[in-house]
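Below is one structure, written out as structure tokens, with a few remarks after it.
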Amino acid sequence: MTKANLNWVVLGPGAIGGLIAGALLEHGQSVSVLPRKNRTREINWQVTHKQFKADYSAPVITQLLAENTVFVIAVKAFDVIQALQRITTLRGFNKAMPIIISHNGMVELPEPLKELNLHPLVTTHGAVRSRNENADLCIEHRGAGRSWLEVDPAVRNQPTDFDPGLVLQQAFPPLTLEQDLSQRRWLKFVINCVINPLTAVHQCANGELLKGSWQAQVYSLVAEAVAVANSQNVSLTTEECYKEVLLVAKETALNHSSMLQDIQQQRRTEIQQLTGYLINAGKTAGVATPTHQQLLNEFQQRYSG
Ligand SMILES: NC(=O)c1ccc[n+]([C@@H]2O[C@H](COP(=O)([O-])OP(=O)(O)OC[C@H]3O[C@@H](n4cnc5c(N)ncnc54)[C@H](OP(=O)(O)O)[C@@H]3O)[C@@H](O)[C@H]2O)c1
């Protein structure tokens, strides 16, 4: 495989994007950055891992895209459509360019964007983005995790140099290539629809949800979300998802969920792409989601959003 043949363009970079961009640079890849606003010629950022720190720098993309461009879009769910629309307007863009896309929640894409060469990435890494006293971008890699990338079977089976999945597998391990991530994406979605809004409304660490007093609500939230997943032909069971929710709550017992962190830092949350999406998908499919509706009402009363 000729690794140098790929030209990676990473949006942001945010917490996850910066982590991936740093890993690609470590792996000798050519990486450019597409920030929201092109104010500088290059972007510098630091990633702090448990054992070491590393400084990275990548040019801001300004010219024609190279033919072998691969995009990495790791943005908040409410920015996904705009981010995709933006890259389709870049000079040299063509619809065959692979776009690795990672976000929590679910987003209904407009028809033209569904035709893009999208490769969903699910990751359990934990990273937090901040600025230091010099306003430099700092990314703290708080939890090493694993990732799964959906690879179109036609691309997967081609013995070609141009396979971003294989490069990413080496640069950002452990990463598993799968042909259909829908079940994994829905499992993560169900877990997020329980842990994020509950911990945000009650302003508690994830481990709180292990207490007996929460179990009836947690179980109902899981059962309703699984019924919606089943209505989308995703075969999950309430028991397996409930177990997973408890496992994540246990493994991240002391952590504040990303939604609670967003609330604490007065940032926009992904509640509409989580609970909002679930309730709407349930309505369309004729599946009742009263426990999620109640939780959304509490969230909106508390945070008016
Ligand atoms: N962080 C984690 O540990 C983690 C773990 C698993 C999953 N996730 C999920 O992964 C997604 C990304 O999370 P994150 O924490 O990496 O978010 P983040 O730190 O907010 O990063 C998003 C980045 O994308 C940029 N961006 C958004 N729209 C853009 C556009 N149109 N053009 C260029 N840049 C754009 C943002 O710029 P601005 O700063 O200007 O907005 C920001 O730099 C979310 O859905 C999150 O829930 C996160």
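For the stretch 49-65, taking the residues that are buried (at least 16 other Cβ atoms within 10 Å of the Cβ) and more than 12 Å from the ligand (Cβ to nearest atom), the one that is nearest to Asn7 (Cα to Cα) is identified as Leu65.
Among the residues making up the stretch 21-67, a single one is in contact with a Ser or Thr (Cβ under 6 Å, 6 or more places away or on another chain) and among the acidic types (Asp, Glu): Glu42. Selection of the stretch 72-118 for residues being hydroxyl-bearing (Ser, Thr, Tyr) and either farther than 24 Å from Gln29 by Cβ or under 18 Å from the mean Cα position of the chain (by Cα) (or both) yields Thr89, Ser102.
Answer yes or no as to whether Leu121 is under 21 Å from Leu65 (Cβ atoms), of a type outside the set (D, E, K, R) and within 10 Å of the ligand (Cβ to nearest atom).
Judged against the criteria, Leu121 is a match.
Please give the helices (runs of 4 or more DSSP H) falling wholly within the stretch 126-227 in which 2 or more residues are in the same structural domain as Tyr242 (by TED's automatic domain parsing). Write out each step before concluding.
Values: elements: 153-156, 164-171, 182-202.
Helices (runs of 4 or more DSSP H) meeting the threshold: 182-202.
In the stretch 270-284, is there at least one residue being among the basic types (Lys, Arg) and outside any loop (DSSP other than H, G, I, E, B)? Within the stretch 270-284 (the criterion being among the basic types (Lys, Arg) and outside any loop (DSSP other than H, G, I, E, B)), the answer is yes, since at least one residue qualifies. Checking each residue in the stretch 237-269 for being part of a loop (DSSP other than H, G, I, E, B) and surrounded by fewer than 22 Cβ atoms within 10 Å (Cβ to Cβ) picks out Thr237, Thr252, Ala253, Leu254, Asn255, His256, Gln265, Gln266, Arg267, Arg268. Among the residues making up the stretch 18-41, those that are within 15 Å of the ligand (Cβ to nearest atom) and either touching a Gly at 6+ places or on another chain (Cβ under 6 Å) or without any contact (Cβ under 8 Å) to a residue 60 or more places away in the chain (or both) are Ala21, Val31, Ser32, Val33, Leu34, Pro35, Arg36, Lys37, Asn38, Arg39, Thr40. Put simply, of Ile73, Ile101 the only residue that is within 29 Å of Ser257 (Cα to Cα), part of a strand (DSSP E or B), modelled with pLDDT of 95 or more and more than 9 Å from the ligand (Cβ to nearest atom) is Ile101. Assess whether Thr69 counts as being surrounded by 15 or more Cβ atoms within 10 Å (Cβ to Cβ) and over 11 Å from Leu11 (Cα atoms). So Thr69 fits the description; yes.
The values are calculated or read from the model by the stated rules, or taken from the named source; none is laboratory data. Since we're looking at a predicted model, the values are computed, not measured. Heads up, the Cβs are rebuilt from the backbone with ideal geometry, glycines too, and the neighbour counts pull from every protein chain shown.
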